[in-house]
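Asks: Supplied in structure tokens, the structure appears directly below.
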Amino acid sequence: MKYTTDRPTVGAVIVCAGRGERTGLPYNKVLHMLGHKTVLEHVLDTFTDHGVSHITAVVSPADRERIAEIVSAYNGVSVVDGGATRAQSVVNGLKACRCDIVVIHDGARPFVTKELIMRAVSSAIEHGSGIAAVPTVDTVKRMGTDKVVHSLPRAELFNMQTPQAFDYAQILEAYERVGTDGVTDDAEAYERAGYSPRLVDGSYDNIKITTATDLLRLSQNNKIGVGYDVHRLVEGRPLILGGVRIEHEKGLLGHSDADVLTHAVMDALLSAAGLPDIGVLFPDTDDRFDGISSLKLLKEVLNKLRERELEIVNVSAVAIAQKPKLSPVIKDIRASLAAALETDNARVNVSATTTEGLGIVGNGDAIAATASCILSERTEK
Ligand code: MG
């Protein structure tokens, strides 16, 4: 095989034009959040990390704007419109991409690895194609109208996945020659054009997100956490909630700045991470924490999460106070906590309630807070 340089250029076509009806999502499944980023970003991170020189994402017009926004964060990724079928979308992507070797990949397969991409590319450099495939696990039967007419020999069967890498000129020419009618994967067009697709070892982890069950299984990397705290209100102390100083005749009593809301948030994060609570991590017998801003302690908690590769999906906190009225400052508190957590405002929410005058909060002697959160474990290999 002849290439323009000693090292063939490798491009990729990422197919994102599906609608994902079988997932039951009201939006394209490549835009589904998987942990801290979209399914598509998982794919793009792996491909750009591999050193693919140019990536073309094929999209449906309805998603063009959102996907263009996502890919703008990457170098060398562009967006083109898809066609009526997957195969037509691939052809559009191929025409927009010039390279020696092209890797075609489903945008809804976020668990592709660098190693798998390299296996497919190496095979395509040597043999013209490299198709990720796994041996079929289930027995497959051909059906007539209402009964089985034939059982297929399982040992001969393989499930095709992506990535599928090809000699660029060959796959483009194959599609031009055989068309796209009834073509459900690129190896099929290649085969119909008279080539022999070469299989490489795929992975059973390299799933294509297809159904609602797939999404449910993926969400099991999430961990929920809950935290609660209460501090006494006294005269002569500043009132600080979520790192925001609030005008009030009283403030919260405590060893640190007594920011009860931030304390509840920290305990929620630590509980989701399976770590000891703030009473253990930052004991009030330790002088280092005397008068300290609770946002500094929150940073330490954030570092502990990072060490464990845990990302914040969302945090939801409730301040429970009879006085002062918190609605005028709730936006500031939310922004302050989001900034301290180094995440978007959209991932942090804060609300406020009273106790209708009941109990120690209701009589103005204390402020309480509760928080819950979801953390996700990184899924990258
Ligand atoms: Mg506390």
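Asks: Residue under question is residue 313, and the condition is that it be crowded, with 20+ Cβ neighbours inside 10 Å, more than 23 Å from residue 234 (Cβ to Cβ) and either in the same structural domain as residue 206 (by TED's automatic domain parsing) or not hydroxyl-bearing (Ser, Thr, Tyr) (or both); does it hold?
Replies: The answer is yes for residue 313.
Asks: Does the range 250-277 hold any residues that are open to solvent by 30 Å² or more (accessible area, probe 1.4 Å), farther than 19 Å from residue 361 by Cα and away from the ligand (no atom under 13 Å from the Cβ), and which are they?
Replies: 271, 274, 275, 276 - these are the residues of the range 250-277 that are open to solvent by 30 Å² or more (accessible area, probe 1.4 Å), farther than 19 Å from residue 361 by Cα and away from the ligand (no atom under 13 Å from the Cβ).
Asks: Return yes when residue 187 is without any contact (Cβ under 8 Å) to a residue 60 or more places away in the chain, out of contact with any Lys or Arg (no Cβ under 6 Å at 6 or more places or on another chain), among the small types (Gly, Ala, Ser) and not in a loop (DSSP other than H, G, I, E, B) and no when it is not.
Replies: Yes, satisfied.
Asks: Any idea how many residues of the range 47-69 are closer than 18 Å to residue 118 by Cα and either outside the structural domain of residue 88 (by TED's automatic domain parsing) or open to solvent by 20 Å² or more (accessible area, probe 1.4 Å) (or both)?
Replies: Of the residues in the range 47-69, 6 are closer than 18 Å to residue 118 by Cα and either outside the structural domain of residue 88 (by TED's automatic domain parsing) or open to solvent by 20 Å² or more (accessible area, probe 1.4 Å) (or both).
Asks: Any residue in the range 278-286 that is farther than 30 Å from residue 328 by Cα, in the same structural domain as residue 373 (by TED's automatic domain parsing) and buried (at least 17 other Cβ atoms within 10 Å of the Cβ)?
Replies: Within the range 278-286 (the criterion being farther than 30 Å from residue 328 by Cα, in the same structural domain as residue 373 (by TED's automatic domain parsing) and buried (at least 17 other Cβ atoms within 10 Å of the Cβ)), the answer is yes, since at least one residue qualifies.
Asks: Another question, if that's okay. Kindly list the number of the only condition in (1) assigned by TED's automatic domain parsing to the domain that holds residue 30; (2) surrounded by 14 or more Cβ atoms within 10 Å (Cβ to Cβ) that fails for residue 213.
Replies: The number of the failed condition is (2).
Asks: Pick out the one residue from 226, 178, 234, 149 that is without any contact (Cβ under 8 Å) to a residue 24 or more places away in the chain and not assigned by TED's automatic domain parsing to the domain that holds residue 28.
Replies: 234
Asks: Another question, then. Which condition number in (1) touching a helix residue (DSSP H, G or I) at 6+ places or on another chain (Cβ under 9 Å); (2) touching a residue at least 60 places away in the same chain (Cβ under 8 Å); (3) of a type outside the set (S, T, N, Q) is the one that residue 138 fails?
Replies: (2)
The values are calculated or read from the model by the stated rules, or taken from the named source; none is laboratory data. Predicted model, so just to flag it, every value in this text is computed and none were measured. FYI the Cβ positions are ideal-geometry reconstructions off the backbone, even for glycines, and counts take in every protein chain you see. The area values use the complete protein model at the heavy-atom level, side chains included, leaving out ligands, DNA and RNA. Shrake-Rupley method; radii C 1.70, N 1.55, O 1.52, S 1.80 Å.
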